[in-house]
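What follows is a short report on a single structure.
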Amino acid sequence: MVKLHEKQILIVDDSPTNAAALLAILQQAGFYVVIANDGKNALKKAIEILPNLILLDVMLPEMDGFEICLHLKEMQETQDIPVIFMTALSRIEDKVKGLSLGAVDYVTKPLQKEEVVARVNVHLKLSNLNKQLEKQSRELKVALAQLQESQIQLIQNEKMSTLGQLVAGVAHEINNPVGAITANSVYASTYVNDLVNHLRLYQQKATDEEISAHAQEIELDFLVEDLSSILNTMQSSALRIKDISESFRVFSRNDTEDKVAFDIHEGLESTLLIIKHRLKAVDKYPKIEVIKDYANLPEINCFPGPLNQVFMNLLINAVDALRDCHKKHKKTNSKPQIQIRTVLDNEKKHIVIYIQDNGMGIPEEIQEKIFGYAFTTKPVGKGTGLGLAIAQQIITEKHGGSLEVTSQPGEGAEFVISLPL
């Protein structure tokens, strides 16, 4: 059934008898009805109330139904309101003229109660479904535009070798919702075509048997129900893309001139979402569990974009360390984990962020060089050696904080970031 706020109908008919009869039919069916008896009044009320559907008589004094329909379709406020003509005219030319002006259907006088209610309900349903599709399309375009804008900003400003990881993460995360929208749009298009063909049977004055047979052929009841379900799926997928786009925007914020207030946890969460695909079980590697222990922290004044780059680098390094540990020690019983903990120091002057893994750890001789430029323990082509050097520069020079590492062989590594409030 159509929702209550989607049940407002404007009747345009100069015959008080016809208008009263139609008013009774529609009110009994649960519609809210407004009546206009001429073209000027009809256009005025259409703009004022923006009805969900207009039942328009063709034969009217001064301004006939065709001219009224033309004006309605020329005005932006009313051009999308479905118009159903009411007429005793039976010539094909008249019907073609009305449909070419933008009307969606005809009902022939004398009006039949069941036919009027059925056609009104069907066209309201189609109009509402069309609005939902248009809304979802707009949301998807906005979300994709935001994603593209964020990607451009990040590519222009990214100085770290983890850019490939970031783009791969976003592409992986949006793949499922985009796939759902693409797949469901095929079914939605088929369903809409079936509904249009079903409506054409009414226009062609098909018999009740033919209409009933076609309804059974296209499984009309199931079609309407499933179409609504498909639209809901497409809408949730579009919202998922929008959420991913927002996380991407948070991660790649480009606040280069002045520090701004920022929630550290928001930055950590957006980074985790982007590298989510790297945490999943794949091939011979098990899933990496992320354990979070966030304190109740105030916002800090910082440069969010560069700070998120630091989080990205440390988390990707932790993932690589755990994968390497599993590759070299497959028989270990420990589950790969990354622990993220945030606290406020005892003097309440610094926020401290701990990022720890339970991998093989870092030898002492490497710890002394780990923040040096161009130093890397990764194979050729897998790392530039700039990540931790730039990360330390961002923390110390841009934020006046510190970045340190503690590790014992066989017990993992812990990076500690301290940022002043």
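Nothing in this text is a laboratory measurement; each read-out follows from the coordinates by a stated rule. Quick caveat: nothing in here was measured; it's all calculated off a predicted structure. Cβ coordinates were reconstructed from backbone atoms using ideal geometry, including for glycine residues, and neighbour counts include every protein chain displayed.
With only alpha-carbon atoms counted, please give the Rg and Dmax of the chain, in Å.
Final numbers for Rg and Dmax: 31.9, 98 Å.
Which whole-angstrom value gives the distance between the alpha carbon centres of the range 260-304 and the range 82-145?
49 Å
State the answer as a single residue: which of Leu322, Ile288, Leu268 lies farthest towards the positive end of the charge dipole of the chain, with beta carbon charges of +1 for Lys and Arg and -1 for Asp and Glu, about the Cα centre.
Farthest towards the positive pole: Leu322.
Can you compute the FRET efficiency between Lys135 and Asn176 using 1/(1 + (r/R0)^6), with r the Cβ-Cβ distance and R0 = 22 Å? Round to the nearest 0.05.
Efficiency computed from Cβ-Cβ geometry: 0.55.
According to the square roots a ≥ b ≥ c of the eigenvalues of the Cα gyration tensor, what is the shape class of the range 260-420, taking rounded for a/c under 1.5, prolate for a/b larger than b/c otherwise, and oblate for the remainder?
prolate
Name the residue from Leu60, Ile47, Ala19 whose Cα lies farthest towards the positive end of the charge dipole of the range 6-111, charges +1 on Cβ of Lys and Arg and -1 on Cβ of Asp and Glu.
Ala19
When the chain is fully extended, how far beyond the present Cα-Cα distance does Glu209 get from Lys276, taking 0.36 nm per residue of separation?
18.5 nm
How many percent of DSSP beta bridges within the chain run antiparallel, rounded to 5?
Roughly 55 percent of the beta bridges in the chain run antiparallel, per DSSP.
Tell me, what is the Rg over Rh of the range 6-111, with Rh the Kirkwood radius over Cα pairs?
We get a ratio of 0.93 for the range 6-111.
Can you compute the FRET efficiency between Glu48 and Asn18 using 1/(1 + (r/R0)^6), with r the Cβ-Cβ distance and R0 = 22 Å? Round to the nearest 0.05.
Calculated transfer efficiency: 0.45.
Work out the FRET efficiency for Met59 and Asp243 from their Cβ-Cβ distance, taking R0 = 41 Å, and round it to the nearest 0.05.
0.15
Using 0.36 nm per residue, how much length does the chain from Glu397 to Glu411 gain when fully extended, once their Cα-Cα distance is taken away?
2.0 nm
Figure the gain on full extension for Lys97 and Lys40 (residue separation times 0.36 nm, minus the Cα-Cα span) and round it to one decimal in nm.
Value of the extension gain: 18.4 nm.
Under a 10 Å cutoff between Cα atoms, tell me which one of Met75, Met360, Met86 has the largest fluctuation in the Gaussian network model of the chain.
Looking only at Met75, Met360, Met86, the largest GNM fluctuation is found for Met75.
Could you tell me the relative contact order of the chain? Use alpha-carbon pairs under 8 Å, at least six residues apart, and round to a whole percent.
11 percent
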